[in-house]
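So the structure is just underneath, and the comments pick up after that.
The values are calculated or read from the model by the stated rules, or taken from the named source; none is laboratory data. Just so it is clear, the structure is predicted and the values come from calculations on it, not from any experiment. Reconstructed Cβ throughout: ideal geometry from the backbone, glycine too, with neighbour counts over all protein chains shown.
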Amino acid sequence: MHRDKPGRAARILVVEDEAEIAALVAYQLTREGYRVETVANGAAALDALRREEPDLLVLDRMLPEVSGDEVLQAIRSDPATLTIPVLVLTAKREQQDRIAGLELGADDYLTKPFSPRELVLRVDAILRRAHGEPRPVAGGGRILRAGSLRVDVAAHIVTLDGEELNLTPTEFRLLRTLMERRGRTQTRGQLLSEAWQIDSSVADRLSTRTVDMHVRRLRGKMGAAGEWIETVRGFGYRFQASAGAQPRRSRQSSL
Ligand code: CA
């Protein structure tokens, strides 16, 4: 199995009020060599996050008082914790949970009951992506460029006009996927399976609103360069083949 612990064991914060599940998760991750801290409620989670930033958060959705969603929202709205990868644990009966959570910025989902092996695989995969390790097909260590937009695939750093953009992990993968397939239209299902790494069979059944919302946010962060991500009506999205070839603000002017 692939292990992603460069130099030191990755630190994982587990937020789960059900003691049995918390213990199982902690046991399994510790056995894999991760450093694990468990807390039983949302307030304690936020305290723990401020104390020491974890490499990954395993967050149960159903928590007393401060819900998992509220914790996730707090994390994603604070620049200090914005990029912490989050794996959300959710109840089986609520399919909508998955969608809502993705919209809030979870990196992945695990539906209860889950197998310990599945949990470890998901955690490994999220950390691998978070650290920008190359995937077999995509290849890492590359710089994707369009005009003054620069995406350092390995370092997970996006700059525009020399300034770093503060993208969530999902927004980063979305942009990367679109740029890697520059000029080619990607359906929302393709983007869900690539940027969210959701099985395409599952992705087909998911709300495509999730993709639209993340594209909207990504465009917003890109300012005028956001228009390089084109909406292809009835199909999906496409990163403009000619992006960056002309000044962004004066496309009408002759060169
Ligand atoms: Ca719970």
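Selection of segment 147-187 for residues being in a helix (DSSP H, G or I) and touching a strand residue (DSSP E or B) at 6+ places or on another chain (Cβ under 8 Å) yields Phe172, Leu175, Arg176, Thr177, Leu178, Met179, Glu180. For beta carbons closer than 9 Å, sequence separation of 6+ or different chains, a first residue in segment 212-223 that is under 18 Å from Gly236 (Cα atoms) and a second that is of a type in the set (Gly, Ala, Ser) and outside any helix (DSSP H, G or I), the qualifying pairs are His214/Gly105. If you go through segment 164-182 and pick out every residue that is surrounded by fewer than 22 Cβ atoms within 10 Å (Cβ to Cβ), modelled with pLDDT of 90 or more and more than 15 Å from Thr83 (Cβ to Cβ), you end up with 2.
Note on segment 48-94: residues that are touching a residue at least 40 places away in the same chain (Cβ under 8 Å), crowded, with 16+ Cβ neighbours inside 10 Å and more than 14 Å from the ligand (Cβ to nearest atom) total 7.
Return a yes/no flag: does segment 223-239 have any residue that is surrounded by 15 or more Cβ atoms within 10 Å (Cβ to Cβ), in contact with a helix residue (DSSP H, G or I) (Cβ under 6 Å, 6 or more places away or on another chain), assigned to a helix (DSSP H, G or I) and at pLDDT below 85. No, segment 223-239 contains no residue that is surrounded by 15 or more Cβ atoms within 10 Å (Cβ to Cβ), in contact with a helix residue (DSSP H, G or I) (Cβ under 6 Å, 6 or more places away or on another chain), assigned to a helix (DSSP H, G or I) and at pLDDT below 85. Within segment 45-71, the set of residues being of a type in the set (A, V, I, L, M, F, W, C) and either farther than 26 Å from Ser115 by Cβ or modelled with pLDDT of 90 or more (or both) comprises Ala45, Leu46, Ala48, Leu49, Leu56, Leu57, Val58, Leu59, Leu63, Val66, Val71. Flag set for Gly105, criterion: touching a Ser or Thr at 6+ places or on another chain (Cβ under 8 Å) and modelled with pLDDT under 85.
With respect to Arg135, is the statement that it is more than 16 Å from the ligand (Cβ to nearest atom), at pLDDT below 85, more than 15 Å from Val14 (Cα to Cα) and assigned to a helix (DSSP H, G or I) true? The answer is no for Arg135.
Of all residues in segment 110-130 being closer than 13 Å to Leu56 by Cα and touching a helix residue (DSSP H, G or I) at 6+ places or on another chain (Cβ under 9 Å), which is modelled with the lowest pLDDT?
Of the residues in segment 110-130, the ones closer than 13 Å to Leu56 by Cα are 119-120, 122-130.
Keeping just the survivors that are touching a helix residue (DSSP H, G or I) at 6+ places or on another chain (Cβ under 9 Å) gives 119-120, 123, 126, 129-130.
Numbers: Leu119: 92, Val120: 90, Val123: 91, Ile126: 86, Arg129: 75, Ala130: 72.
Per the stated criteria, the residue is Ala130.
Checking the stated criteria, Leu255 turns out to be modelled with pLDDT under 90, farther than 24 Å from Val158 by Cβ and loosely packed, with under 12 Cβ neighbours inside 10 Å.
Residue-wise test of (1) part of a loop (DSSP other than H, G, I, E, B); (2) at pLDDT 95 or above; (3) farther than 22 Å from Thr111 by Cα.
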position	(1), (2), (3)
Arg3	yes, no, yes
Ala9	yes, no, yes
Leu13	no, yes, no
Thr30	no, no, no
Ala43	no, no, yes
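Counting only residues that are touching a Leu at 6+ places or on another chain (Cβ under 6 Å) and among the β-branched types (Val, Ile, Thr), segment 39-70 holds 1 of them.
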